[in-house]
Amino acid sequence: MEVRSQGNSRLFLTTFVENKDDLEEKLERSYQFLQSIIAGLSDKDAHDAFNRALSKEKGYEDVSLGLLVSILSDPQSAAKSYRDLTLITRDGFGLILVNLTQLVGERYLKFNDVVKSQLIWLLREMIKNAVNGVDNLCWNLMRHAAGGDVSPKNLTLTESLLDVFIEFRGWLDKFPFLIASVVYNYLRLIEDHNAPSLTNLRHKEVDFIINLLREKFAECLVIGRDLIRLLQNVARIPEFEQLWKDILLAPKTLCPSFSGILQLLQTRTSRRFLQSRLTPEMEKKLVFLTSQVRFGNHKRYQDWFQRQYLATPESQSLRCDIIRFIVGVIHPTNELLCSDIIPRWAVIGWLLTTCTSTVAVSNAKLALFYDWLFFDSEKDNIMNIEPAILVMHHSMRSHPAVSATLLDFLCRIINNFYPPLTEKVRTGIFCSLRQILDKRVISSLLPLFDNAKLDRELRSMVRETFKEFFNAPTPETSSKLEDYNIVNSTKFEENETEPRVNHLHINHVLDNEPAFSDDEDDMSIAINTLEEDTDDDDIPLSEVRLKKIVDKDDSLIEGPLGETLSRLHQEPDVFKRCVVMESLVKQVMDLESDDENLPLIARSLCNAIKEDFQDEIFPPVVSDEALLDSIKLPLFVVYKVLYFFTKQDDTGKDRYIN
């Protein structure tokens, strides 16, 4: 699509079919206002014009944002505009940082090259002037240095930020969390920069990160177990080999409070670090996929995501970041778990089965099982271990090779992760399995561990490794969350909407891309906002939530019947709900017995009336009046009509039962 010239937008690359939104209009308006009051004036006269403008309502905001646009879009006048901005600021650049953070988070990819370059220039100037809050802007900007991407633009941002951190190392040392974030992010990026053409960049990154780790190891301890995972991926670089020796053999030389590798491995990594390795755009797309897209309608979204982010050989390493994000950050609510939205395990299964690099596949499996290895039910979250068991469980029925390769990995990782900690790893994995059974994520491990579809050698290894689970009694208790998981398990199997993956060879190499069943027509969906996550005590992050009232099946049912279903969802009054149900019954009777909408109507109807049965229906005190009142619910309207069919002719009965 043709891109507009820069003259049409001072900040963004836009197309002819795009309209300016409110933020862009505000910035453009502020810039025009600024030019109207200072155009052609000397510095002294311009200063007087500023003072007059600042006295007006919203004058401070308009002048400040106008100067920000000038800095970002005009390198020649940037120094003068920055000087003027420092003179007029009343809030220590607070307004500027709020808008910059919003722009970086939502619009960075649309910035033209001049703006991206000027943004780094402005970042340097604010650091020189010790502006408060710049550390948060750095964190948000660092997210756009994407993993698995060695394009020139991405490398330019990566190196530019690295140069800023090197130049202002004294400033960086004042922010412990930013130090840990820089270490985490650049450890991950170093893995991608192994081409001969990137030798200089990689050498600069390695020197800086090694220096930070050795001098600020105490600050880096907060990263937790994923620090070890990332260090493993760069362990063959000579500088990191020496660091590994100190971590394993002389931990106190790095930090007096560091007792050894086990200390890190037993610390769950904060969601903030896992989030930082996905760009805001990737995060938005993954949250949309796992909170809005119905199972069976997901292939088109996955295909788009693959084309956009996973199409290059370098992008293989990005799969680990995505899996860690899904496992550790996206924790669906009970409402979402019992819906027909594509579950996390299906997305992860797709990521595993479309991976074509043996190294990337092994790393992806480790990313999936990583929280299992040192799982502690007191500190860790069952939602971090749930996806792995469900990938194996759901794949066993029709795609046993997927389950087989994951089971093989799980068995071998116990002895091969780190031999001195073999028993600790075994304890963590066994604790994970017990928690899975106790919470009834799946009701029994035997259909998975002792399945005839597994080859004899693997079954023998699984039996030997997990022999105590072969005679373990099935837990009787279940929690709300896990009951929903069981509901999902049954539903997806019955509808046969599991992803159709190709068989894995034992060396984990895949031949082709998998196909997914039941593609359906597109439907109108919106992204819900992210709310504070109460599962973690670090930075509030994603809690994916379903819309509570309107069922998405309704959007597929057109005409009066769809409108009636929507009314049934939204109507709170019980008497009126029964009236709506009577209307719905009449409309259903007019349908053909083989109408293709009947399954959608049934599913939508179930969702609409399920909340009517949260309490006991049978009255505590039995009387004729109480019994009549207890059945004044939409479901009993259905029963009443069905009873009518048994007493008279059965015209329309088949379609009604359908």
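Just the residues that are within 16 Å of ASP74 (Cβ to Cβ) and loosely packed, with under 10 Cβ neighbours inside 10 Å, please, taken from the stretch 13-39.
Matches in the stretch 13-39: ALA39 only.
I'd like the full set of residues that are open to solvent by 10 Å² or more (accessible area, probe 1.4 Å) and under 28 Å from the mean Cα position of the chain (by Cα), limited to the stretch 163-175.
Restricting attention to the stretch 163-175, the residues satisfying the condition of being open to solvent by 10 Å² or more (accessible area, probe 1.4 Å) are 163, 166-171, 173-175.
PHE175, the sole residue that qualifies.
Do any helices (runs of 4 or more DSSP H) lying entirely in the stretch 241-323 carry at least 3 residues that are touching a residue at least 40 places away in the same chain (Cβ under 8 Å) and closer than 22 Å to LEU187 by Cα, and which ones are they? If you could, list the steps in order and put the result at the bottom.
Details: elements: 261-265, 271-276, 280-292, 299-309.
Output list reads 261-265, 271-276, 280-292.
Please go through (1) over 18 Å from VAL441 (Cβ atoms); (2) modelled with pLDDT of 95 or more; (3) of a type in the set (Phe, Trp, Tyr) for TRP372 and return the number of the only condition it doesn't satisfy.
Failed condition: (1).
Condition first: at pLDDT 95 or above and either of a type in the set (Gly, Ala, Ser) or touching a His at 6+ places or on another chain (Cβ under 7 Å) (or both). Now tell me which residues in the stretch 406-442 satisfy that.
Passing the criteria: GLY428, SER432.
Just to be sure, is ARG440 in contact (Cβ under 8 Å) with a residue 12 or more places away in the chain and at positive phi?
So ARG440 fits the description; yes.
Going residue by residue through the stretch 414-425, is there one that turns out to be open to solvent by less than 40 Å² (accessible area, probe 1.4 Å) and acidic (Asp, Glu)?
Kept after step one, since they are open to solvent by less than 40 Å² (accessible area, probe 1.4 Å), are these residues of the stretch 414-425: 414, 417, 421-422, 425.
With acidic (Asp, Glu) added as a condition, the list becomes none.
So far as the stretch 414-425 goes, no, none of its residues is open to solvent by less than 40 Å² (accessible area, probe 1.4 Å) and acidic (Asp, Glu).
So which of LEU445, LEU390 is of a type in the set (A, V, I, L, M, F, W, C), open to solvent by less than 10 Å² (accessible area, probe 1.4 Å), more than 27 Å from GLN263 (Cα to Cα) and free of Cβ contacts under 8 Å to residues at least 40 places away in the same chain? Don't jump to the end; show me each part of the working.
Values: LEU390 fails: free of Cβ contacts under 8 Å to residues at least 40 places away in the same chain.
Residue meeting the stated conditions: LEU445.
One line per residue, one yes/no per condition, for (1) under 40 Å from the mean Cα position of the chain (by Cα); (2) closer than 14 Å to PRO634 by Cβ; (3) open to solvent by less than 40 Å² (accessible area, probe 1.4 Å); (4) at pLDDT 75 or above:
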residue: GLY559; (1), (2), (3), (4): yes, no, yes, no
residue: THR564; (1), (2), (3), (4): yes, yes, yes, yes
residue: ARG567; (1), (2), (3), (4): yes, yes, no, yes
residue: GLU571; (1), (2), (3), (4): yes, yes, no, no
residue: PHE575; (1), (2), (3), (4): no, yes, no, no
residue: ASP590; (1), (2), (3), (4): no, no, no, no
residue: LEU598; (1), (2), (3), (4): yes, no, yes, no
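When the stretch 62-77 is examined, which residues are found to be out of contact with any Ser or Thr (no Cβ under 7 Å at 6 or more places or on another chain) and surrounded by fewer than 19 Cβ atoms within 10 Å (Cβ to Cβ)?
ASP74, PRO75, GLN76
Given the residues THR101, THR89, which is the only one that is open to solvent by 20 Å² or more (accessible area, probe 1.4 Å), within 18 Å of ALA46 (Cβ to Cβ) and among the hydroxyl-bearing types (Ser, Thr, Tyr)?
Working: THR101 fails: within 18 Å of ALA46 (Cβ to Cβ).
On inspection, the qualifying residue turns out to be THR89.
The values are calculated or read from the model by the stated rules, or taken from the named source; none is laboratory data. Note that the coordinates shown come from a computational prediction; the quantities given were computed from them, not determined experimentally. So basically every Cβ, Gly included, is an ideal-geometry build from the backbone, and we count neighbours across all protein chains shown. Heavy atoms of the whole protein, side chains included, go into the accessibility calculation; ligands, DNA and RNA do not. Shrake-Rupley method; radii C 1.70, N 1.55, O 1.52, S 1.80 Å.
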